[in-house]
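Right, one structure below, let's go through it.
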Amino acid sequence: MDKLNWAVLGTGVVANQMAQAMQGVGCKLYAVGNRTHSKAVDFANKYGIEKVYDDLNDMFYDDNVDVIYITSPHNTHIDFIMKALENGKHILCEKSITLNSVELEKALKKADEKNLVLAEAMTIYHMPLYKKLMKLVANGEIGDVTKVECATDRPIWPQGLNVPEKEDRIPKTLNWDLFTGPAKMNPYNEIYHPWNWRGWWDYGTGALGDMACHILHQPFRALKLLYPTKVEGSSTLLLNACAPQAQHVKLTFPARENMPKVAMPEVEVHWYDGGMMPDRPKGFPEGKQLMQSGGGLTIFHGTKDTLICGCYGQNPWLLSGRVPNAPKVCRRVPKAMNGGHEMDWVRACKESPSSRVMPKSDFSEAGPMNEMVAMGVLAIRLQGLNKTLEWDGANMRFTNIGDDETLRTVIKDGFKIHNGHPSFDKTWTDPVNAKAFAEELIKHNYREGWKLPDMPR
């Protein structure tokens, strides 16, 4: 296959970056679709795109389309992914891939059944600095790692909000039903869209789901992690509809098979956001900011040394001051940050399934990484059980939630100041069965009219 016709779903920042990357290698998109038709037209005019869909869904049934780049909000991904796969389209999808593990497994099985390439648009997989990070760990430069701490300066959108009490008029340019997708149909309010949808459970996964792929993937890949066995979450006030302002998640992973130069013992992975931060490691230079530019931080605590880097694995350095020369351990993608990572996916799409080298961000790796992130989100939403949750990853279930345990979550905080005194009059949900609630989070029931195709057999 010499040429692929690309369609992009969405016209935001990352869609523009894709169009520009393609122009940089002498190519262009074939078609574009967007919830707001006028924005799709403007996008097409800007980049010389041949086709604009009047109905977004027509993209999936267009025989001239070979591959689709999905850049829509998280809650709509699985429906678009399954439609595209069913109709023989290769897919590149933005993070977070899906909202739960069941959705992810359906997508993976369908892609395998159809011999299609399903990849996540994760630039970190292709960055030279990321490769350097992998080399340092695999070469045993920091010894055996038993603890990793990760943090971000997100959210930079509102979180910790009460459900809006008023209904705004839906803009003429917005198809609210299409935006909502399989989520609960809420009355429209401008707080949800655009951009701010990331902080609401119906549409996104908060700061963890948005930023973990840029920060948590370093330990996931370097330490060959898969499913955590234990998860625990805590946060600022947890509301039933909106992600909290700040949170801390601890995931415990079992021992893995040792690498030639380093052991893989049980390891704790910690996540902080919303201004929460790990302690400064012993010996960290005074006056030096713990989190550098880029909005992310990862600290590998090893038995020999401590490795610190920023978002995307940027600026990795050893706390001891050593500068080791570790051997290469990962496949490199030429011009990775200048169109290379998109073209690595294109190359895989063009290759025969029998001899295909999968792209660096294939779902076989991006998928399990996404499941780790989903476990962190579940830990936050189930924190009211006040225990460390035990996870059976193979069967996608918690093993220590009792049949009779219940949960309540705050609907509104009821904060007031009366005569100079602050007070809270919290409104809570009715108690719900905790096991059933957890199962619903793992395997979501979609609103009436929405249904995923059956699992491939």
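The values are calculated or read from the model by the stated rules, or taken from the named source; none is laboratory data. Here the structure is a predicted model, which is why all the values come from computation and not from measurement. Ideal geometry is used to build each Cβ from the backbone, glycine not excepted, and the neighbour counts take in all protein chains shown.
Odds and ends about this structure:
- Any chance ALA40 is touching a Gly at 6+ places or on another chain (Cβ under 7 Å), in the same structural domain as ALA348 (by TED's automatic domain parsing) and within 22 Å of HIS341 (Cα to Cα): no
- Residue pairs meeting the criteria (Cβ under 8 Å; at least 6 apart or on separate chains; first at positive phi, in the range 203-218; second part of a loop (DSSP other than H, G, I, E, B) and polar (S, T, N, Q)): GLY206/GLN159
- The residue that is surrounded by the fewest Cβ atoms within 10 Å (Cβ to Cβ), among those in the range 353-368 that are among the small types (Gly, Ala, Ser) and within 16 Å of the chain's Cα centre (by Cα), is SER364.
- Any hit, the range 46-55, residues being in the same structural domain as ASN87 (by TED's automatic domain parsing), in a helix (DSSP H, G or I) and loosely packed, with under 15 Cβ neighbours inside 10 Å: yes
- ILE191 surrounded by 15 or more Cβ atoms within 10 Å (Cβ to Cβ), over 21 Å from the mean Cα position of the chain (by Cα) and modelled with pLDDT of 90 or more: yes
- Selection count where residues are buried (at least 18 other Cβ atoms within 10 Å of the Cβ) and within 18 Å of PHE80 (Cβ to Cβ), scope the range 172-188: 5
- In the range 60-75, residue nearest to the chain's Cα centre (by Cα) [restricted to those that are under 20 Å from MET18 (Cα atoms) and not in a loop (DSSP other than H, G, I, E, B)]: HIS74
- From the list ALA212, ALA207, the one residue that fits, being at pLDDT 90 or above and buried (at least 21 other Cβ atoms within 10 Å of the Cβ), is ALA207.
- Residue match in the range 442-451 (condition: within 21 Å of the chain's Cα centre (by Cα) and aromatic (Phe, Trp, Tyr)): yes
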